Structure formats: C-alpha cells, structure tokens
1. For the range B:211-229, does any single residue satisfy the condition of being closer than 16 Å to C:GLN89 by Cα, at pLDDT 95 or above and at the interface with another protein chain (Cβ under 7 Å from one of its Cβ atoms)?
2. Please go through the range B:102-124 and give me each residue that is facing another protein chain (nearest Cβ under 9 Å) and closer than 17 Å to B:GLY165 by Cα, ordered by number.
3. Going by the conditions given, is B:THR177 out of contact with any Ser or Thr (no Cβ under 8 Å at 6 or more places or on another chain), crowded, with 24+ Cβ neighbours inside 10 Å and at pLDDT 95 or above?
4. I'm told C:ASP191 meets every condition in (1) under 16 Å from C:LEU157 (Cβ atoms); (2) touching a Cys at 6+ places or on another chain (Cβ under 8 Å); (3) surrounded by 23 or more Cβ atoms within 10 Å (Cβ to Cβ) except one. Can you identify the failing condition by its number?
5. Only residues that are over 13 Å from C:ALA240 (Cα atoms) and part of a loop (DSSP other than H, G, I, E, B): list them for the range C:266-277, please.
6. Please state which of the following conditions A:THR278 fails to meet, knowing it meets all the rest: (1) buried (at least 24 other Cβ atoms within 10 Å of the Cβ); (2) within 10 Å of chain B (Cβ to nearest Cβ).
7. Give, as residue ranges, the strands (runs of 3 or more DSSP E) completely inside the range B:1-107 that count at least 3 residues that are farther than 30 Å from B:LYS141 by Cβ and modelled with pLDDT of 95 or more.
8. Quick one: which of A:PRO124, A:PRO112 is assigned to a loop (DSSP other than H, G, I, E, B), at pLDDT 95 or above and either of a type in the set (Asp, Glu) or closer than 21 Å to B:VAL109 by Cβ (or both)?
Amino acid sequence: MALRLGAIVDALGGELQGNADLEIARLAPLHNASPDSLSFLSNPKLAKELASSLAGCVIVSPAMREQAAARGAFIVTPDPYLYFARLTQLWKRAHARQEAHPRIHPSAVVDPEAIVDPTARIGPLCVVERGARIGADTVLKSSVTVSEDCQVGARCLLHPGVVIGADGFGLAPDKGTWVKIEQLGAVRIGDDVEIGANTCIDRGALEDTVIEDGVKLDNLIQVGHNVRIGKHTAMAGCSAVAGSAVIGPHCTVGGAGMVLGHLTLAEGVHISAASLVTRSILKPGQYTGVFPIDDNAAWEKNAATLRQLHSLRDRIKALEKK
Amino acid sequence: MALRLGAIVDALGGELQGNADLEIARLAPLHNASPDSLSFLSNPKLAKELASSLAGCVIVSPAMREQAAARGAFIVTPDPYLYFARLTQLWKRAHARQEAHPRIHPSAVVDPEAIVDPTARIGPLCVVERGARIGADTVLKSSVTVSEDCQVGARCLLHPGVVIGADGFGLAPDKGTWVKIEQLGAVRIGDDVEIGANTCIDRGALEDTVIEDGVKLDNLIQVGHNVRIGKHTAMAGCSAVAGSAVIGPHCTVGGAGMVLGHLTLAEGVHISAASLVTRSILKPGQYTGVFPIDDNAAWEKNAATLRQLHSLRDRIKALEKK
Amino acid sequence: MALRLGAIVDALGGELQGNADLEIARLAPLHNASPDSLSFLSNPKLAKELASSLAGCVIVSPAMREQAAARGAFIVTPDPYLYFARLTQLWKRAHARQEAHPRIHPSAVVDPEAIVDPTARIGPLCVVERGARIGADTVLKSSVTVSEDCQVGARCLLHPGVVIGADGFGLAPDKGTWVKIEQLGAVRIGDDVEIGANTCIDRGALEDTVIEDGVKLDNLIQVGHNVRIGKHTAMAGCSAVAGSAVIGPHCTVGGAGMVLGHLTLAEGVHISAASLVTRSILKPGQYTGVFPIDDNAAWEKNAATLRQLHSLRDRIKALEKK
C-alpha cells in the first residue's frame with residue numbers, strides 16, 4: 001500500500017518541496033532507493049550518497065536544503081532521523097493487518113489471579129503468573145514469562161523469550177555448599193519500556209528490581225536482583241547489570257558492557273561496548289575499558305609484555321634515577 | 001502473614017534478645033526497615049546503618065552484640081548471612097500459596113517415554129523429551145526444555161527458558177563448508193542444582209556433559225558439550241564454558257567470565273568477572289584479566305600506546321644498555 | 001544397535017584393515033573406548049593415546065598407518081575428523097527412533113498464512129507467524145519463534161528458544177526520550193544453516209537481515225538488524241554482531257567475540273574469543289584483543305600501571321632524548 005507524500009507531511013509536519021501527489025511505495029536507505037522510495041539523510045558522512053540516490057524524495061535537515069534541491073523532491077525538518085522514526089510508525093500503522101487472534105492468545109497461560117489490562121495483548125505461549133499485572137496497551141510477543149507478582153506498565157513491548165521475575169542469584173556459603181536465599185521481592189517495570197528477545201530481569205531478594213519509565217533494553221541482557229535502571233536509559237545487546245547496582249537516568253550501555261554489583265552510575269554516564277564497570281561513576285561522560293584488537297601476532301607480543309608492565313615501570317624509574 | 005520472633009528462633013536457632021512475641025511482617029534491609037521488620041547485618045561496612053535502622057529486630061554476629069543491644073531487639077548467630085538465607089526459606093514456606101494447577105501443567109509437553117518423578121513439578125509450556133529423567137522434588141518453571149535422554153537430579157530448580165541438551169557446536173571443515181558432527185551424548189545434572197533463566201547446557205558429542213551436585217548457574221550462561229562442572233561450583237550471569245573444559249569443585253566464575261575449550265580449572269579456582277581463561281589453572285586462587293575502565297579520552301591514549309608496548313619494552317632495554 | 005565395520009566402510013569409504021564383521025556398539029574417544037568401540041585420531045597431539053586405547057578399531061590418517069597397525073584394526077582416510085563427522089551422521093540415522101508426533105506438533109502455533117514446506121518439522125511450542133516461510137527438511141526444535149515474514153531456507157536446524165525476527169534495536173533520541181523506529185524489514189536465512197539455543201536474529205529496519213547458506217551459529221548469540229553474515233561463516237557461543245555489520249564468508253568468531261555496528265569483515269577473517277572488533281578488517285587472518293589473565297595480585301599491579309601507560313611512554317621518550 002502506497003502513501004502520498006502529501007499525506008505523510010500532513011501527518012508528520014516538515015516542509016515538502018516537490019509533488020505532494022507522489023505515491024511512496026517503500027521506505028529505503030539512500031543507496032538502495034527507487035523512484036517510489038522515500039529516504040532520509042541524517043548522517044552528514046553519507047551526504048555523498050544523496051546526489052546519486054534514486055529516491056523519489058529525501059528527508060533532510062535545513063543545512064542540506066541546497067544539495068537536496070539539486071536532485072529532486074525533499075522534506076526539510078530539523079531532525080531527519082527523528083522524522084524518519086515517526087515515519088516508520090506511520091508506515092507501520094498504515095500497513096497493519098488485522099490481528100487474526102484474540103487479545104489473549106488461547107495458547108497463553110494466564111493465571112486467573114493475574115491482572116491484565118483489557119487493552120493489553122498477550123501473545124502465543126506466554127506465561128503470566130499469579131499476581132502479575134500487565135498495563136494498558138502493553139504487548140507481550142510470544143513465549144514471554146512474567147512471574148508471580150511482577151508488574152509491567154503501560155505501552156511496554158516485550159519481545160519473544162523475555163523472562164521477567166526469575167529468582168535473583170542469591171546464595172549464602174555454608175561449609176562448602178550453597179544455601180539458597182529465597183527471592184521475596186518482585187520486578188516493577190514502568191511505562192513505555194521495551195525489552196528485547198531472551199532478556200532476563202530477575203526479581204529482588206527483599207525489595208523489587210525496578211525498571212523506570214522509558215527504559216529500552218536490547219536482546220540477551222541480564223539484569224540482576226535489586227537493580228534500578230533510571231528513566232530513558234538504553235542498553236544494547238548482551239549487556240549486563242549485576243545485583244543491587246543503580247543506573248541513573250539517561251545513561252547508555254554499549255553491547256556486552258557490564259556493570260558490577262552494588263555500584264552506582266550517575267545520570268548521563270555512557271559505557272562503551274564490552275567495557276566492565278568496576279567502580280561507581282558519578283561524573284557524566286563516556287567510559288571505556290577494552291583491549292584494542294590487533295592481528296594475533298602483534299597482540300601476542302603486546303599481551304605478553306603487558307604481564308610485565310609493572311616491572312617495566314620500575315625499570316623506567318630506575319633509569320630516571322641514573 | 002506475620003511470624004512471631006519466637007517462632008523464628010524456634011525454627012532457626014540463634015540467641016534472641018528482645019520480645020519473642022513481636023510480630024514480624026517483613027524481612028527488610030537495614031536502611032529500609034520498619035518497626036515490624038526483621039533485618040540483618042552481615043557486612044561490617046554497613047555497621048553504621050545499624051544504629052539508624054528502624055528494624056524491629058536485627059540478626060547480628062557475636063562481635064556486633066553491643067552495638068545491636070544499644071538499639072533494641074536482636075538475634076545473635078555466628079553467620080548472620082547464612083541465618084538470613086535460612087530465614088528467607090522459612091518465610092517463603094510460611095507464605096506459600098497453594099498451587100492452583102496440577103504437578104505437571106496441562107500445557108507442558110512431556111513425552112510418554114520420559115520419566116518424571118511423582119514429586120517433581122513441570123511448569124507451563126515446558127518440554128520434556130523422550131528418555132529424559134526428572135528427579136524427586138525438582139521444579140521446572142515455565143518454558144524449560146529438557147531434551148532427549150538428558151537427566152536432571154533431585155531438588156533441582158530450572159528457571160524459565162532453560163535449554164538442557166541442545167546439540168553441542170560440533171563441526172568438521174570440508175572444502176570450505178561445515179559438516180555437522182551429530183551430538184550423540186546427553187546431559188547429566190546432579191542433585192540440588194539451580195539453573196538460571198535462558199541458560200543453555202549442550203549435550204555431549206560422544207559422552208555426556210556433566211553438572212555435578214550442588215552447582216549453581218545464574219542466567220544466560222552457556223555450557224558447551226562435554227564440559228564437566230564440579231560440585232558446588234557457582235557461575236554468575238552471562239558466563240560461559242567452552243567445549244570439553246573441566247571445572248573443578250568449589251570454583252566460582254564471575255559475570256561474563258569465560259573458560260576456553262579443553263582447559264582444566266582445579267578445585268578452588270575463582271575467575272573474576274569478564275575475564276577470559278586461556279590456559280588451564282591448577283593452583284587455587286583468584287584470577288583476573290580485564291582492561292581497567294577509564295574515561296574515554298584517557299582510555300584512547302593508553303590503548304593506542306598499548307599497541308606499541310612490545311616496542312616500548314625494547315626501547316627500555318636499549319636505554320638500559322647505554 | 002550395533003553396526004558392522006564392513007557396513008560402515010561400505011557407507012563412508014576408507015580403507016579398512018581388520019575384521020569387517022566386528023560389531024561396533026559405540027563411538028567413543030580414544031581414552032574411553034572399549035573393544036566394541038570405534039574411535040578416531042585427528043589431533044596428532046593425542047597420538048600417545050592411540051597405543052593404549054582399547055578401541056576395537058580406530059580411524060587414522062595415512063601418516064598414522066604404522067602406529068595404528070601396531071595395535072589392531074583401523075580405517076585409513078585422508079581426514080579422520082571429517083570421516084568421524086560423517087560417521088556420527090550415519091550412526092544417528094541408524095539409531096533414529098520413529099517420531100511419535102506429527103510433522104507439525106499440535107502444541108505449535110503456526111499462522112494459517114505461514115508457508116511451511118511439507119517436509120519441514122515444527123516442534124512443540126514453536127511459533128511461526130504470518131507470512132513466515134520454512135523450507136524443505138528444516139527442523140525447528142521446541143519453543144522456536146519465527147516472526148512475521150521471516151524466511152528460513154532448506155535443511156536448517158533451529159534449536160530450542162531461538163528467536164528469529166524480533167525487532168532490531170532502533171531508537172531516535174527526542175529531548176531526552178527515545179522514539180521507536182519500527183523495524184519494517186525481516187530476516188532471510190539461507191539453506192543448511194544451524195542456529196543454537198536461545199540465539200536471536202533481529203529483523204531489519206528497512207531491509208532484511210541476511211544469514212547466507214551454510215552459516216553455523218552456536219547458542220546465545222545476538223545478531224542485530226541489517227546484519228549480513230556470509231556463507232559458511234561460523235560463530236561460537238555468546239558472540240554478537242551489532243547492527244548493519246557485514247561479515248564475509250568463511251569467517252569465524254570465537255566465543256563472546258563481538259563486532260560493532262556498520263563494520264565490514266572480509267572473507268577469511270577470524271576473530272578470537274572475547275575480542276571486540278572496533279574497526280573494519282579487510283585482510284584475512286586471526287585477530288585478537290584480550291587482556292591476558294593472571295593471578296589477581298599481578299593483574300592489579302599491571303592494570304593500575306596500564307592506566308599510566310601513555311605517560312610512561314612520554315617518560316621513555318624523555319629518557320631517550322637525554
């Protein structure tokens with residue numbers, strides 16, 4: 001189903017220069033667009049792709065107005081990437097097919113003592129346990145588990161395989177064996193939270209694990225018990241937060257980034273991919289800890305030397321004294 | 001439902017100083033306790049929280065007896081953390097609601113040729129394949145898979161999404177393509193093993209993958225084929241053990257720690273979070289390999305220099321010769 | 001059920017020296033073989049195990065002919081490991097029990113508008129959404145999700161918990177909150193692809209995420225949106241590829257190895273375990289970036305010094321000037 005350019009601008013704003021009656025059949029990246037495609041330029045590094053793109057229309061920032069005009073129709077908006085995000089939502093709504101199955105899929109196992117908002121959708125083979133609450137317009141895709149007494153707010157989206165409220169990893173040592181600490185808390189998830197496939201958020205030991213409004217979690221993430229993740233923080237795939245850590249609002253954690261237990265990250269802290277946070281970070285900024293990749297032979301030499309680094313420092317000191 | 005302090009001490013021992021008739025309505029951390037809460041102090045660093053806590057009673061070690069007495073009721077026990085663990089178990093039993101569904105949930109898919117102990121519980125949407133065995137008092141939460149011929153011992157707890165017995169990753173190269181090595185072994189899991197959400201334990205190639213008694217695995221852990229994990233070893237979330245590695249008893253692996261294939265860890269080896277084990281470790285102790293996190297600008301400088309570390313060493317040598 | 005040695009050689013080739021009527025009851029590693037076992041020697045380092053093995057017959061390369069003859073029956077083949085792989089397949093076929101349930105398990109949720117090849121098998125509690133396509137002889141084990149419009153080719157094997165086609169992690173920032181970029185692409189998986197338990201492959205934002213023929217993915221792997229993985233590339237457990245990365249054919253990624261977004265790996269690039277790829281790699285070879293593990297005390301000293309490495313370099317420079 002195609003959308004008229006005019007209808008798009010009517011819905012999303014922006015200044016259209018070009019034929020409002022052009023029918024857009026596809027949204028496409030610049031390098032792979034056809035004359036019936038709408039494309040966008042948000043990264044100035046890709047400006048060279050603009051001239052050669054076959055897109056019927058492009059979304060650009062005011063700074064790119066002249067370059068866009070040189071090639072054809074365009075929409076000007078202060079933030080093309082944000083405009084594109086809204087456009088994908090418009091596009092999805094326009095192309096949505098009617099749901100064939102009821103709001104709670106018959107294969108889902110929803111406890112009679114769970115409270116599911118009448119506007120929520122529970123997909124196939126989900127489990128919603130006793131005392132759990134699912135908020136308005138929230139969607140659980142397939143095979144999602146929401147355990148006993150856990151809460152999910154409104155307008156959340158939980159992807160397949162998500163596990164909310166498994167036991168936190170609590171053990172007390174006792175003469176060489178482990179005694180389980182029963183996890184008596186639950187998980188509370190705010191509104192507008194998205195949680196990626198197979199991500200796990202453990203229930204708290206005594207108090208609740210808390211995911212605040214607007215948090216976005218990618219796939220295969222581990223969130224330990226008693227963690228708090230602040231509003232609008234985003235974490236990429238395979239990242240992890242160990243028990244009782246507190247992550248402030250508006251933070252980001254790169255893929256496979258990890259925060260150890262009981263630490264605090266202040267608002268606006270950004271952890272690079274594959275970096276391990278071993279101490280609290282109270283000053284906003286970007287933080288990194290990664291051994292730089294190299295060809296294996298070079299790495300072997302440097303890694304071997306690294307194991308003597310402290311003594312190398314002593315040798316430098318000794319040289320300096322002479 | 002509240003528990004009398006006297007009933008708690010009757011069940012768990014310890015020396016109570018205070019009113020045995022006090023009704024405990026909550027277990028709570030010191031900083032967030034109310035007069036009807038029972039709290040505990042196991043970490044001496046938190047001793048300052050003791051004086052200001054509103055808890056109705058606190059569990060302390062003999063060394064803290066005086067400080068505890070200065071503020072109100074207390075229970076003295078040699079290991080407050082272990083006491084607290086047992087207390088959570090008592091609490092959970094006292095508050096357990098009756099299970100609404102039968103021992104094997106009707107939505108579970110249990111092969112007629114699987115052997116499930118009559119006291120085991122198989123949760124919603126689990127799969128127990130042909131020839132699998134599930135031991136006494138073992139609990140499979142929801143959406144757990146136990147594949148063909150795999151065994152789970154007694155008193156185990158498998159959290160949602162656990163996959164026992166998927167094929168190990170066995171491939172033989174053949175002129176640029178891969179030929180699958182069928183995985184003919186299975187998985188054998190001992191007694192008192194806990195396995196966290198979405199953790200995977202692969203079946204062996206020829207022999208079985210073995211998880212010994214009392215092992216505790218957190219969420220999103222990968223255990224490759226033919227691995228053996230020794231008794232009472234504990235592994236934190238996102239850790240991994242590659243094929244044919246042998247991990248001794250009483251080891252720990254921190255979050256995202258990883259052990260390469262065919263290696264051996266002796267009894268009592270402890271691997272720090274995010275560290276990669278690249279050689280066998282036969283001496284007990286704590287082992288670490290992590291690039292320390294820093295603000296990004298400092299990291300960039302040091303990482304760039306690291307790639308020249310071997311030549312820096314040579315320059316130091318040259319200086320020393322002069 | 002035993003297989004005659006003669007029948008094995010008839011099926012798989014190789015030169016048998018020994019009694020073709022010997023009944024083989026087990027395939028076993030050299031160190032654990034019995035007189036009714038068939039074993040193999042592919043790693044020359046294990047040659048010392050050959051003499052002492054009790055195996056009834058061993059598969060060896062021509063170079064090992066004499067040593068094998070000294071102990072008993074053997075099969076000579078140019079590539080014993082490949083022969084062993086084919087043998088496991090023969091073994092599995094010979095021992096296959098008849099499937100008790102129909103081709104599409106009654107507990108699976110397959111949309112009427114999905115297209116499932118009549119020879120494909122859909123296991124218990126799988127979800128195949130509208131518009132999805134499952135190719136000939138492909139097997140979905142239990143609890144696999146294939147989302148809307150995603151395609152899986154022929155002869156693929158998807159292990160339990162695999163999620164194909166969850167939304168990619170696409171977000172545009174807007175005044176401190178995140179606006180979702182709807183993921184309008186899908187996932188296209190070629191033929192002969194194997195995907196390990198709980199691995200996730202996200203759908204593309206505008207175009208499709210593509211997994212080419214013969215790719216082998218282990219467990220708990222994350223593949224981001226718009227990624228392309230080239231033919232016969234293999235990735236080990238817990239590895240990850242961030243959005244829009246392009247990995248060439250015949251690459252390997254070790255366990256927990258990670259490729260950042262928008263990068264390119266050329267054909268024949270091999271990434272070591274736990275290494276983070278931060279730039280495109282266009283030259284074939286092995287690449288590594290791992291902090292070497294050490295006992296914790298030594299690590300602490302070296303890690304602390306590492307944070308001053310750049311200034312150490314300056315001190316060396318200063319010494320050289322003198």
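1. The answer is no; no qualifying residue exists.
2. B:VAL109, B:ASP111, B:GLU113
3. No, not satisfied.
4. Going through the list (1) under 16 Å from C:LEU157 (Cβ atoms); (2) touching a Cys at 6+ places or on another chain (Cβ under 8 Å); (3) surrounded by 23 or more Cβ atoms within 10 Å (Cβ to Cβ), C:ASP191 breaks only (3).
5. Once the filter is applied, which keeps residues that are over 13 Å from C:ALA240 (Cα atoms) and part of a loop (DSSP other than H, G, I, E, B), the range C:266-277 yields C:ALA266, C:GLU267, C:GLY268.
6. Of (1) buried (at least 24 other Cβ atoms within 10 Å of the Cβ); (2) within 10 Å of chain B (Cβ to nearest Cβ), only one is false for A:THR278: (1).
7. Answer list for the range B:1-107: B:15-17, B:57-60, B:73-76.
8. Step by step, each of A:PRO124, A:PRO112 is checked, and only A:PRO124 is assigned to a loop (DSSP other than H, G, I, E, B), at pLDDT 95 or above and either of a type in the set (Asp, Glu) or closer than 21 Å to B:VAL109 by Cβ (or both).
The values are calculated or read from the model by the stated rules, or taken from the named source; none is laboratory data. This one's a predicted model, so the numbers in the text were calculated from it and none came from an experiment. Here Cβ is always computed from backbone atoms with ideal geometry, including for glycine, and neighbour counts include all displayed protein chains.
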